[in-house]
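What follows is a set of notes on a single structure, which appears directly below.
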Amino acid sequence: MKTGMTELFGIKYPIMLAGMNWLTTPKLVAAVSNAGGLGVLSAQWYAADKLRGAIKEIREQTDKPFGVNLTLGVGARERIPVIIEEKVPVLNYALGRPPEIAPLIEAVHNYGGKVIGTIAMLRHAMRSEQLGADCIIITGYEAASHSGNVGALVLVPTIAEAVKVPCIGAGGYADGRGLAAALALGAQGISMGSRLAATDEAEVADTVKQTWVNASEEDTVIDPAFDGINCRVLRNPAAEKLLEKKALPLFDAISAGMHMKKTLGLSWGQLFKEANNLRRQAIGVGGGQRGLGSAMRFAVGGRLFAKATVEGDPVNGILMIGQTVGRIKDITTVANVIERTVKEAEEILQTMNKQFAS
Ligand SMILES: Cc1cc2nc3c(=O)[nH]c(=O)nc-3n(C[C@H](O)[C@H](O)[C@H](O)COP(=O)(O)O)c2cc1C
């Protein structure tokens, strides 16, 4: 299946792994690249030296193209030199402002790498293209974690018609129906988060994977209560608790902030400044809140996301997941998910073609 996406990255299938903090471990990234897609590692929770190690681990497990996803917020400045020195084949940035995005794109292009900008609004897509991004991920409202306010059915064609670079749909894609729909809407491929997280190669507890299989498309909620930015998560006891509570205990926030500071190797000053920057940008897509309360949620949210994903506690931790969780019916290998998605999409497209040609 050749599309603008497969041609751009030199991959077999128009499917990429969405960057997902903690979940996109080197093993999962390599599995997606080895299966013919584009594996992408989220750099979100890696300090610079750990990121270098993770990139090395990916290269030990695959010789295929892969990418690193970098949210241009907390700790990003320390990780950028690693991405450039390691000549990562594909950089996928999210958020950020033109003065930091433009030199980053130039640096990646200088070593022959490709750049994808993740956006959730038309004007941000046009800005990414203007700044030199080679490709754009369009994140619809259905997506896990952070998105804008518009669903894929409207957002994908609106942006795909407005830019010249290839577009990739993200949010809600779990199977061949989704891939065929994304292609029909004008995208050149899809980014899968939730679906590829529920695979054998994902290094997350079986209890968490089973929670996803049991959930329906009605079981997610999007709200700024979890990390100060509109964020889609599974509606579980921990999520209900944060939704009910208007204020967070100060002690929790300080302890979570200390944890984040230590993990990312940042000073308190850097942490506050960059958390603030991130929230200011999220306000631009209609999903952020101002003030200390929001900063506290950012730290506490990070801790609770880790509790679910790293510690494998789907009750007391918060699980970011998309509406597409309702379409996840089994835990299988990455290669199986990718191959059956492509096969199903090809069959759908052929059937429709025959139906309307006769
Ligand atoms: C657990 C989890 C962690 C995520 N972490 C990140 C991240 O670090 N950076 C990012 O740009 N997006 C992140 N996302 C969002 C995904 O990149 C992607 O937009 C989303 O999963 C697409 O929706 P889908 O789950 O319906 O496929 C995360 C999603 C999940 C489920």
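The values are calculated or read from the model by the stated rules, or taken from the named source; none is laboratory data. Predicted model, so just to flag it, every value in this text is computed and none were measured. With ideal geometry, Cβ positions are generated from the backbone for all residues, glycine too; neighbour counts draw on all protein chains shown. Protein only, heavy atoms only, side chains kept; ligands, DNA and RNA dropped before computing areas. Shrake-Rupley method; radii C 1.70, N 1.55, O 1.52, S 1.80 Å.
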remark   = Expressed in angstrom and rounded, the centroid-to-centroid distance over alpha carbons for region 162-205 and region 80-150 is 17 Å
Between 0 and 90°, nearest 10: helix 292-309 axis offset from the chain longest Cα axis = 60 degrees
remark   = Once normalised by the length of the chain, the mean sequence separation of its alpha carbon contacts under 8 Å that are 6 or more apart gives a contact order in percent of 19 percent
message = Quick check: at a probe of 1.4 Å, how many percent of the accessible area of region 101-237 sits on carbon and sulfur atoms?
response = 50 percent
Tilt relative to the chain, helix 152-162 - C-alpha long axis, 0 to 90 degrees, to 10 = 70 degrees
key: In degrees, nearest ten, helix 76-85 long axis to first principal axis of the chain (Cα)   = 40 degrees
ask   = Residues with amide H under 5 Å of ILE137's amide H, sequence separation 5 or more or different chain, H placed in the peptide plane at 1.01 Å from N; which?
value = GLY117, THR118, ILE119, ILE168
Vicinal HN-Hα couplings computed from phi for region 175-189 (Karplus, 6.51 cos²θ - 1.76 cosθ + 1.60; Hz; Gly/Pro x) = 7, x, 4, x, 5, 4, 5, 4, 5, 5, 7, x, 7, 9, x
Segment LYS87-ASP223, length gained on full extension (0.36 nm per residue, minus Cα span) = 45.3 nm
Antiparallel bridges, percent of DSSP beta bridges restricted to the chain (to nearest 5) = 20 percent
request  = Between ASP49 and GLU339, with labels modelled 7 Å along Cα→Cβ, what's the label distance in nm to one decimal, could you check?
outcome  = 4.2 nm
task = Quick one: which residues, 5 or more positions from ASP200 or on another chain, have an amide H under 5 Å from its amide H? H modelled 1.01 Å from N in the peptide plane, none for Pro or chain starts.
result = THR332, THR333, VAL334
ask   = Using modelled backbone amide H atoms (1.01 Å from N, in-plane), which distant-in-sequence or interchain residues come within less than 5 Å of ILE229's amide H?
value = none
task = Please go through region 313-358 and write out the trypsin sites (Lys or Arg not before Pro) that DSSP classes as loop and that have at most 13 other C-beta atoms within 10 Å.
result = LYS329
CD proxy at 222 nm, helix term only [per DSSP H run n ≥ 4: -39500 (n - 2.57); per residue of the chain; nearest 500] = -15500 deg cm²/dmol
message = With the crude spin-label approximation of a point 7 Å out along Cα→Cβ, what separation in nm comes out for ARG59 versus VAL213?
response = 3.7 nm
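State in Å² the accessible area per residue of the chain; use a 1.4 Å probe, count heavy atoms of protein chains only, and round to the nearest integer.
42 Å²
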note = Any aspartates and glutamates whose Cα falls less than 19 Å from that of LYS245, other than same-chain ones fewer than 8 residues away, would be ASP223, ASP227
Those lysines that a straight Cα-Cα span of less than 16 Å connects to LYS27, excepting residues fewer than 8 apart in one chain = LYS50, LYS56, LYS64
inquiry  = Can you compute 3J(HN,Hα) from phi for each residue in region 207-214, using the Karplus curve 6.51 cos²θ - 1.76 cosθ + 1.60 with θ = phi - 60°, rounded to whole Hz and x for Gly and Pro?
reply    = 4, 5, 4, 5, 4, 5, 4, 6
